[in-house]
1. Search region 174-190 for residues that are closer than 20 Å to Pro143 by Cβ and among the hydrophobic types (A, V, I, L, M, F, W, C) and pair each with any residue that is assigned to a loop (DSSP other than H, G, I, E, B) and open to solvent by 40 Å² or more (accessible area, probe 1.4 Å) when their beta-carbon atoms are under 9 Å apart and the residues are at least 6 apart or on different chains.
2. Restricting the search to region 455-500, which residues are of a type in the set (S, T, N, Q) and open to solvent by 30 Å² or more (accessible area, probe 1.4 Å)?
3. Kindly evaluate Ser231 against the criterion of being open to solvent by less than 80 Å² (accessible area, probe 1.4 Å), assigned to a loop (DSSP other than H, G, I, E, B) and modelled with pLDDT under 75.
4. Looking only at region 143-161, how many residues end up being exposed (fewer than 15 other Cβ atoms within 10 Å of the Cβ) and either under 25 Å from Ser242 (Cα atoms) or in contact with a Lys or Arg (Cβ under 8 Å, 6 or more places away or on another chain) (or both)?
5. Can you pull out every residue in region 368-397 that is more than 17 Å from Gly492 (Cβ to Cβ) and surrounded by fewer than 18 Cβ atoms within 10 Å (Cβ to Cβ)?
6. Just to check your reading of the model, which residue among Asp157, Asp119 is of a type outside the set (Lys, Arg), at pLDDT 85 or above, over 26 Å from Asp250 (Cα atoms) and more than 41 Å from the chain's Cα centre (by Cα)?
7. Condition first: in contact (Cβ under 8 Å) with a residue 24 or more places away in the chain, within 13 Å of Ile389 (Cβ to Cβ) and open to solvent by 40 Å² or more (accessible area, probe 1.4 Å). Now tell me which residues in region 423-432 satisfy that.
Amino acid sequence: MSQNPDKPHSSEEKSSGLEDGQESLDNPDQSIRKRIRQSAPGSYRDDTPKSSPPRPVSVEELMETAKGVTNMALAHEIVVNGDFQIKPAELPEHSLEKKVRDIVHKAFWDCLEAQLKEDPPTYDHAIKLLGEIKETLLSFLLPGHTRLRNQITEVLDLDLIKQEAENGALDISKLVEFVIGMMGTLCAPARDEEIKKLKDIHEIVPLFRRASFSHTWKIHVHICAYLLKLSLCLTLLKAIFSVLDLMKMDMANFAVSSIRPKLMQQSAEYERKKFQEFLEKQPNSLDLVMNWLQEAADDLEKLRSNRLPPHGSGDGAAGEASALCPTAVQNQAYLKLLKWDHMNRPFPETVLMDQSRFQEIQLELEQLLLTGTVLLVVFSAAGSALVDIPGFAEKIKTIVKVLLTGMHLPAFNLKESLATIGEKVCAEVNSCLSQHGFTPFTAERETVLKGQIQAVANPDNTICKLIDSRIQKFLENYLASSHQKSLPAIPGGLGPIQRELEEIAVKYVRLVNYNKMVFSPYYDAVLAKILTKEESQLAGKSKES
């Protein structure tokens, strides 16, 4: 939003704000992010009549809206991204933030080391660290962990520890041993290796107590041993806090996975509420959705017209010319997002937050289309000889995938890559044929196969269009049966890419279904207008006939 909602750049500011929020949550390919920024809907409202006068927007409203968008984007990410995980922040190596953090951390540990070197040692910092460790361990406990809670509270009694320190009776080694043991009890199995390393460090520290030295070097050796032991203690404490941070991350990710089912409904209601608030401030914010759904309805109408019998063939034709199904129109609309021109066309408002995800899926499908086409060409050329050989399809698929990496970058040359694919595929085919007792390809057959692979670069390639139509049909069937547990059957010719296609389909349908859950009231309202108009047109044609 901006100070003047009627200015053409207002929608651009809106879309960029949503996209910036999205980019902070995930990290897609650099080319995808660049294309998304370029495709921001800049001036699509230039010719749209305004239904309300401009209204000034306060700074407080802008801040509140920005906060709402951030929270909404986070909840949205957790729900639609089945692989979502909280990860530790990694600062750039030479960044100012990393330098400041490192300086602060070093100052803290230097202060602790200085206190422990005093005679007698001062344990103020060490006791504070034990307090932090105690609170962290307690935060990992569930309500039913009464015994563990009592153990931690009893052993890490800070008042008692302080008294022991003042009287020179503090045994840090035993406290550390207890902490490491409790961490091993509470950590996830994936952290067992880190816990073992902590135990290894802890075993080294007490060894110097048992060491025996000659009288001449006794004082010097004791000093060196003490300093080395102190260094190991500090190293151990740092390692403990490092592992505790990992355990916090594990606990947070466990909580995320646990709340995802409950969050889905709440997040849908939250997003719908925020979108409604935005819609009230920008009344024309469903223009793109209207055009998007209208095009989908027109597409289905054309397909249905092509399947109908010639005009005047009886009442059956009139029966088939009934209104379109709203669900079918929505599914068709979502399929259109997989062929979207992101460079030159603004994205519909309701799916704008997921533009990067839909675009990423689109790019994955484009690469999978070329991979599937090359595989079909190879198997058609090789005949039945190589179809059943274990691992052959995966080798060809790997070759194609590697050489098509980066195919959406501006500098990528598809024809050159396909030529290289042709060379390597022919070499692999001949090698496999020879190993299994078949006659290798002649030079003429190799030339034909290479030419067929290079022809895949042509947008009008028959095989490529066939594979594309079957991929789209599979996704259409999956959308139509998305509430069933089993996937629809894979169309013929897509067997070699079945696993990759199903993975994309699962991700795509999860995204579509959640978007439907959030925005179904708006889609129903828009489709009611579109389909009413379609019915009126059908009734008019019926009367004319």
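The values are calculated or read from the model by the stated rules, or taken from the named source; none is laboratory data. A quick note: this is a predicted structure, and the numbers were derived from the prediction, not measured. Here Cβ is always computed from backbone atoms with ideal geometry, including for glycine, and neighbour counts include all displayed protein chains. The protein model used for the area step is the full one, side chains on, heavy atoms only, and it has no ligands, DNA or RNA in it. Shrake-Rupley method; radii C 1.70, N 1.55, O 1.52, S 1.80 Å.
1. Matching pairs, first to second residue: Leu186/His145.
2. Residues of region 455-500 that are of a type in the set (S, T, N, Q), as a first pass: 458, 461-462, 469, 472, 477, 481-482, 484, 486, 498.
Passing the criteria: Asn458, Thr462, Ser469, Gln472, Asn477, Gln484, Ser486, Gln498.
3. Details: open to solvent by less than 80 Å² (accessible area, probe 1.4 Å): yes; assigned to a loop (DSSP other than H, G, I, E, B): no; modelled with pLDDT under 75: yes.
The answer is no for Ser231.
4. In the first step, residues of region 143-161 are kept if they are exposed (fewer than 15 other Cβ atoms within 10 Å of the Cβ); the result is 143-144, 146-147, 150, 153-154, 157-160.
Narrowing the set further to residues that are either under 25 Å from Ser242 (Cα atoms) or in contact with a Lys or Arg (Cβ under 8 Å, 6 or more places away or on another chain) (or both) leaves 150, 153-154, 157-158.
Here the count works out to 5.
5. Scanning region 368-397 gives Ala385, Ile389, Pro390, Gly391, Glu394, Lys395.
6. Numbers: Asp119 fails: at pLDDT 85 or above.
Result: Asp157 is the single residue among Asp157, Asp119 that is of a type outside the set (Lys, Arg), at pLDDT 85 or above, over 26 Å from Asp250 (Cα atoms) and more than 41 Å from the chain's Cα centre (by Cα).
7. Start the filter on region 423-432 by keeping residues that are in contact (Cβ under 8 Å) with a residue 24 or more places away in the chain, which leaves 423-426, 428-429, 432.
Keeping just the survivors that are within 13 Å of Ile389 (Cβ to Cβ) gives 428-429, 432.
Across region 423-432, the qualifying residue is only Glu428.
Here is a yes/no grid of residues against (1) modelled with pLDDT under 90; (2) closer than 13 Å to Ala297 by Cβ; (3) open to solvent by less than 10 Å² (accessible area, probe 1.4 Å):
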site: Glu502; (1), (2), (3): no, no, no
site: Arg510; (1), (2), (3): yes, no, no
site: Leu527; (1), (2), (3): no, yes, yes
site: Thr532; (1), (2), (3): yes, yes, no
